1. Residue by residue through segment 67-91, note down the ones that are closer than 21 Å to P110 by Cβ and surrounded by fewer than 17 Cβ atoms within 10 Å (Cβ to Cβ).
2. What tally of residues in segment 210-239 results from selecting those that are more than 14 Å from V35 (Cβ to Cβ) and touching a helix residue (DSSP H, G or I) at 6+ places or on another chain (Cβ under 6 Å)?
3. V206: out of contact with any Pro (no Cβ under 7 Å at 6 or more places or on another chain) and modelled with pLDDT under 90, yes or no?
4. List, please: which pairs have Cβ atoms under 8 Å, are six or more places apart or on different chains, and start with a residue in segment 344-361 that is of a type in the set (D, E, K, R) and end with one that is crowded, with 18+ Cβ neighbours inside 10 Å and modelled with pLDDT of 90 or more?
5. Please verify whether T61 is touching a strand residue (DSSP E or B) at 6+ places or on another chain (Cβ under 9 Å), under 21 Å from K178 (Cβ atoms) and among the hydroxyl-bearing types (S, T, Y), treating the condition exactly as stated.
6. Where in segment 131-230 are there helices (runs of 4 or more DSSP H), lying fully within it, with 1 or more residues that are under 32 Å from the mean Cα position of the chain (by Cα)?
7. Would you confirm, using the coordinates I've provided, whether L200 is buried (at least 16 other Cβ atoms within 10 Å of the Cβ), out of contact with any Asp or Glu (no Cβ under 9 Å at 6 or more places or on another chain) and under 30 Å from A215 (Cα atoms)?
8. Where residues in segment 261-293 are within 24 Å of the chain's Cα centre (by Cα) and hydrophobic (A, V, I, L, M, F, W, C), which of them is modelled with the highest pLDDT?
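The values are calculated or read from the model by the stated rules, or taken from the named source; none is laboratory data. Model, not experiment: these values are computed from the prediction. Cβ: placed from backbone, ideal geometry, glycine included. Neighbour counts: every protein chain shown.
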Amino acid sequence: MSAAQKQLANPFSTGGGGGSFEIQVQALYVACMLVGGFVPCLSGYGITKIKLQGRYAGYQTDDLIVFARRLPGEQSRKMLAQIRHSISVTEQDHEFADVIGRAWADFNNPQVFSRGIDSIALITGPLTSTDADVRRGILGQARSCESSNEFFERVQLAKFVSNATRKKLAAFRKQLDKANRGNRVSDDEVFEFLRHFHLLCYDLDVTDGVSLASALTLIEQYAPGRAEDLWARILREVQFADQSAGTVTVDSLPEDVRSAFRGLGERTIPAELNPMASQEADRSQLHHPSALAVASLIGSWDDRSEADQATASILAGEAYESWRTKLAESLNLPDSLLRAANGVWAVTERRRLLEATSQSIFDSHLDALKDSAVFVLMERDPKFELPPEDRYAARIYGKTLRHSARLREGLAEGLALLASHSTALTCCSRDKVENVVVSTVRTVLEHADWQLWGSLNRLLPSLAEAAPMEFLHAVESAMERRPCPFNELFAQEGRGIVGENYLTGLLWALEALAWEEQYLVPVSFVLGELASIDPGGSWRTVPRTR
């Protein structure tokens, strides 16, 4: 592996590549759902599902809609949240006006909001001291008062609130009147709105903030040693769900993520204090290490896909049924690193399994991995044969990839894993791992047309992490070609509920690389070039500045 690649830290794993503040906040609530946590505005209620970008479902406060329930069968409650990285609670702030306008519309729409049950929240980053006082001064007073008369009487008393806080109330009132089509909102209605409105602050805009540290600490209790990796997986899933206005539930997340939160991690004596610890921890790898080594290279696959079976058979060097039978013996072991559910197989801790079976991986395995990865990843998605407005129904038309999304993701992530753990494969030739990873990424992307770039959309962050320089070279080369494949990708941007954007993966890959200083300049150049050819559109995850 080159020195440049060794210096590249995985920005997702460190929490720095989480993308926008909005994505990080959304991911924080998904993590809260996974650990069985409560919603801040709905104390005692656990999260059941999370809807992202809910405008299509009738919500105006649409960045994050959290559904929560305390007991099975009990009526669900909701927290409707608008997310703004920075905002000022003043009469002149346009962002604040937009948030209040959206909140007022939902507050008066019984189809999306139930008064006395649901809550509305503005989620933001660190606030000024006077804005922060809004939570205790205005909102706190509203929730502690019995009536609007009591509330407004308190607001006028210096011992309850300051003059600065009274100005904040005036800002709320002005924006509510504006949202009410210029008609003055009654004191009773202002009071009721404030009782339902919450202001939540997170310092996710800094890498050493308390919010991220708290989330990682909580995740660590469930999956010791895997908190940063799991946070990275959650971020990535949320990013793709956000751009498609998706709904996230525990069941909709990948099996390896779900399985990590099924129970609190066991506390063990550190390996350095217990000579038997390493043997005990990896007892699940004692059976058929060669078969498990292949599983670590593949990562995940769909047992119902004949194409997936054929790929696994090639890598294993034996019939698929025989290889799967060997893996099945590990499923029932107490410390198994494999999971199988609904036909989908997945390695729950790939790094650990790769290290445990590293002596069973040879040059021939890496050669087969390269051939398989190139063959699988270079397949163009048949949905691009359909008009953009029909692609949401690609499965109905029979326009689907031969290999499953699980296998494609597993192979792409496997290349990134190998790039960062090349020294663990001691039975392979010197520089073999680096050569295989780099040449695979080069072969896949070197002459990629717009259909291939679009087909690889979700996988591009992993390919960028695997071979940063090759990835950047491929992007720059594509920018120079005529016609440029990215021009056509911009033209594929869909509209409406079923629309799709095929550039999100590229942008997140570039953002991840930009967190490393040595790649900041070339990434900035590429983003500038992309912005120059951006024709404009309705999606937010784009390089445009307007």
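1. Here is the first cut: in segment 67-91, the residues closer than 21 Å to P110 by Cβ are 67-69, 74-82.
Listed by number, the residues that qualify are R69, E74, Q75, S76.
2. 4
3. On the way: out of contact with any Pro (no Cβ under 7 Å at 6 or more places or on another chain): yes; modelled with pLDDT under 90: yes.
So V206 passes the test.
4. R350/S296; R350/G299; R350/E413; R350/G414; R350/L417; R351/L417
5. Yes, satisfied.
6. Qualifying helices (runs of 4 or more DSSP H): 187-196, 210-222.
7. no
8. It comes out as F261.
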